[in-house]
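Have a look at the structure below before the remarks.
Taken together, the values in this text are just the output of simple stated rules run on the coordinates, not laboratory data. Please read these numbers as outputs of a predicted model, since none were measured by experiment. Don't worry about glycine lacking a Cβ; one is built from the backbone with ideal geometry, like all the others, and counts go over all protein chains shown.
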Amino acid sequence: MTFNKLQGFLEILTTSIKIMSKNGKLVAMVTSIYLIISNLFVFLNTSTVKPVIFDFITKAIELPYLDLQGPLFYQVLGGIQKDVKTLLGVELAFVLAFFATSIFVQAAIILLTGISYKDKKIFPKDLITRVLQALTRLFVTCFYVTLMRVGFFSIGLMALIFPAIMISTHKIVLEVTIWVLVILVTCLFLYFSVVWVLSLVVSVLEECSGIEALGKAERLVKGKKLEGLLVFLLLNLPSFVFFQVSKKMNVVIQSELTQAFLMFFLTSCTCLLGIFVFQAYTVLYFVCKKNHGEEIELQGSIEYSRISVVPIDEDLP
């Protein structure tokens, strides 16, 4: 049983790699645009925010030493408030711009993978049309998934805080309890993440969104959840490693050019992993559909269906 699951997981990965060449030019074009825009956003964000943060820190250090009744105090305080507003505005603008780019790329990659899986070709104009049709559904599902993640982390945080308050006097018991809860919360997060990511694929390839897409993903992934979990772990663990490396390297490296190159490398790797996640989960979607014997549809065109076979009476003329 375990060997079959591992074999299924490896087949998903190999299929995801093989089908890249079916619509290779479009995949390369979408990926290149995504990498360029993502790195541009990171560069602009860093170059815009750095001077604001430096000014904020300088004024925050200066503020306690000023006379509370003096005009300079209120001038510096006003400058701090202005920096905070600027920082929040800039970050919000970049988050929204990056989200809009990401959701467009996700829809494009899912559609390209689905079409390539069925060994079909698509023209750029048709791809853009289908992406625009799927964007609303994908956005609605993203909204629900985000709400569920926020709710999950809120409940998980409360679950960690509660024992810390109740058994704070017993340090050993508290540490063991916290570790058990952290492991439990992590396992539950990974379990739900399989459904959350697959629901995004469902909302692009089928005419459903939100709760309906989540419910469909939950039904589809039954029997294939371990494969989905392995895909999620394999492709998300490197992102965590990249993040930890970037934090340590930023402390050690002083050269701005080297830091910029490192940021470009980490951003590009993270984007490529994100693209491959959706490719792999799109393949998983088709595997799950076949596993349940359901119809495979690509935005209206039925590619595979169950056919009921009725025996023919030989006595009929």
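Quick notes on this one:
- Scan of region 151-176 for residues that are more than 31 Å from the chain's Cα centre (by Cα) and of a type in the set (S, T, N, Q), ordered by number: S168, T169
- Number of residues in region 152-174 that are more than 24 Å from Y191 (Cα to Cα) and not hydroxyl-bearing (S, T, Y) equals 9.
- Residue within region 177-186 that is surrounded by 13 or more Cβ atoms within 10 Å (Cβ to Cβ) and over 26 Å from the mean Cα position of the chain (by Cα) present: yes
- Any hit, region 90-111, residues being over 21 Å from the mean Cα position of the chain (by Cα), closer than 18 Å to T48 by Cβ and polar (S, T, N, Q): no
- Any hit, region 101-115, residues being surrounded by fewer than 16 Cβ atoms within 10 Å (Cβ to Cβ) and small (G, A, S): no
- Residue within region 157-164 that is among the small types (G, A, S), over 30 Å from I19 (Cβ atoms) and part of a helix (DSSP H, G or I) present: yes
- Checking each residue in region 82-131 for being of a type in the set (A, V, I, L, M, F, W, C), closer than 19 Å to E206 by Cβ and part of a loop (DSSP other than H, G, I, E, B) picks out only I122.
- Any chance F94 is within 30 Å of L184 (Cβ to Cβ) and either buried (at least 21 other Cβ atoms within 10 Å of the Cβ) or touching a residue at least 40 places away in the same chain (Cβ under 8 Å) (or both): no
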